[in-house]
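J.: Just passing along the structure, written as structure tokens.
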Amino acid sequence: MKVGILGGGQLARMIALSGYPLGIRFIFLDPSVGACATTLGDHLHGDYHNETLLAELAKRADVVTYEFENVPANVAEFLAAHTSVYPAPNALAVAQDRLVEKDFLNEIGIPTAPYQAVDSLSNLQQAMQRIGYPAILKTRTQGYDGKGQSILRSASDLHSSWQKLDGLSAIVEGFVAFSREVSIIAVRSVSGELAFYPLSENVHREGILRVSESCENDAMQAKAEDYVTKLLTALNYVGVIALELFEVNGELIANEFAPRVHNSGHWTIEGAETSQFENHLRAILDLPLGSTKSVGKTAMVNFIGGKPESERVLAIENTHLHLYGKAPRKGRKVAHATIRATHHDALEPLKKKLIALANEVDDS
């Protein structure tokens, strides 16, 4: 069995690592010569729009998936005409445009912050009369890890923030005074089998995820499962999906969804019976899904921009290090580590040590 993956970054790498014990082999399409996943399979080196390479990928792979949502939707549609593609291209089309995404979530009964599309500075000024301050101005497309975003605290921020967009389509969203950020990782197979991981409680800084912690038996679990089930059903979705949420006064408000395996689910590699990466493969190959039950209390810490010496990370009790084989670069995720303990009180001091090491190398 051979799985094709659009993209060759760390998510593709972790998918491949989880598939090797199952006898699955991989072929990657990625324009980068040094894409970190490509040592784990065949590499088709070229642009995502190269129809010759796409045709070869479709011919050689039994099924195709993707590791990030900025793969052009028309590329996935081209492949879907020749082989099975999961998640289906419609999920990409919705997730790639923040306005379309917000409209879609609201239509299926998942609440979001107030928002409005804006296409000029005057339009933005008018929108702020309804949205109010503070707010966040975002590009409608191509935004991730805080890119393409500006916080609007007063009218004096509007002109400079609009200029930064350089003519790109935008959306302005009301600021959510949340008590915490959470996400739910869910998976649905070709046959419709569903599974949900315990909620992840997440900490972001400058739009980049820093820490995720598993939250078994969380009070918001049932509500999050209800929302993500609506999403999976409406999209007729296959594979792993992540729905990012804000908790506000005991309610959940959706931020966005990712039609792929997700950074906030990295803790599942060591912290769940079956990782999100293995379950993604099981889902798209229509194999029985594995248990999503937690194994102890687990947290994940990202290393952004650079990584500490491996010896220092591994000296922390119950720590597992994952290096991505990526060169250090400002704002770049180059590695992560997970820690596991029997309960929260035992986990907390270990997590603090790991966060301290991450902060030493963080140049974002």
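The values are calculated or read from the model by the stated rules, or taken from the named source; none is laboratory data. The structure presented is a predicted model; accordingly, all values stated were derived computationally and were not measured. FYI the Cβ positions are ideal-geometry reconstructions off the backbone, even for glycines, and counts take in every protein chain you see.
J.: Filter region 29-44 for residues that are of a type in the set (Gly, Ala, Ser) and either in the same structural domain as Val334 (by TED's automatic domain parsing) or surrounded by fewer than 18 Cβ atoms within 10 Å (Cβ to Cβ) (or both) and give the result.
T.: Answer for region 29-44, where residues must be of a type in the set (Gly, Ala, Ser) and either in the same structural domain as Val334 (by TED's automatic domain parsing) or surrounded by fewer than 18 Cβ atoms within 10 Å (Cβ to Cβ) (or both): Ser32, Gly34.
J.: Can you tell me which residue in region 308-364 is surrounded by the fewest Cβ atoms within 10 Å (Cβ to Cβ), limited to those that are among the polar types (S, T, N, Q) and touching a Gly at 6+ places or on another chain (Cβ under 6 Å)?
T.: Thr342
J.: Follow-up question, since we're still on this one. Inspect all residues belonging to region 216-225 and state whether any of them is outside the structural domain of Phe68 (by TED's automatic domain parsing), part of a strand (DSSP E or B) and either surrounded by 16 or more Cβ atoms within 10 Å (Cβ to Cβ) or at pLDDT below 95 (or both).
T.: No, that holds for no residue.
J.: Would you point out which residue out of Ile110, Ile131, Ile151, Ile136 is among the β-branched types (Val, Ile, Thr) and farther than 30 Å from Leu232 by Cα?
T.: Ile151 is the lone residue from the list that is among the β-branched types (Val, Ile, Thr) and farther than 30 Å from Leu232 by Cα.
J.: Taking Glu270 and the conditions (1) in contact with a strand residue (DSSP E or B) (Cβ under 6 Å, 6 or more places away or on another chain); (2) closer than 20 Å to Met14 by Cβ; (3) surrounded by 20 or more Cβ atoms within 10 Å (Cβ to Cβ), which numbered condition does it fall short on, given that it satisfies the others?
T.: Failed condition: (3).
J.: Sticking with this structure for a sec: Do we find that Ala127 is aliphatic (A, V, I, L, M), in contact with a strand residue (DSSP E or B) (Cβ under 7 Å, 6 or more places away or on another chain) and not in a strand (DSSP E or B) in this structure?
T.: Numbers: aliphatic (A, V, I, L, M): yes; in contact with a strand residue (DSSP E or B) (Cβ under 7 Å, 6 or more places away or on another chain): yes; not in a strand (DSSP E or B): yes.
So Ala127 fits the description; yes.
J.: Of the residues that sit in region 229-281 and are among the aliphatic types (A, V, I, L, M), without any contact (Cβ under 8 Å) to a residue 60 or more places away in the chain and out of contact with any Phe, Trp or Tyr (no Cβ under 7 Å at 6 or more places or on another chain), which one is nearest to His204 (Cα to Cα)?
T.: Pass one, region 229-281, residues among the aliphatic types (A, V, I, L, M): 231-232, 234-235, 238, 240-243, 245, 248, 252-254, 258, 261, 269, 272, 281.
Those left that are additionally without any contact (Cβ under 8 Å) to a residue 60 or more places away in the chain: 232, 240, 242.
Then keep just the ones that are out of contact with any Phe, Trp or Tyr (no Cβ under 7 Å at 6 or more places or on another chain); that gives 232, 240.
Numbers: Leu232: 25, Val240: 22 Å.
The qualifying residue nearest to His204 (Cα to Cα) is Val240.
J.: Taking only region 82-124 into account, find how many residues are in a strand (DSSP E or B) and of a type in the set (Val, Ile, Thr). Lay out the reasoning, then the answer.
T.: Just the residues of region 82-124 that are in a strand (DSSP E or B), to begin with: 84-85, 112, 115-118.
Within this subset, residues satisfying the condition of being of a type in the set (Val, Ile, Thr) are 85, 112, 118.
Residues in region 82-124 being in a strand (DSSP E or B) and of a type in the set (Val, Ile, Thr): 3 in total.
J.: Take region 59-68 and flag every residue that is crowded, with 21+ Cβ neighbours inside 10 Å and not in a strand (DSSP E or B).
T.: Selection gives Ala61, Glu67.
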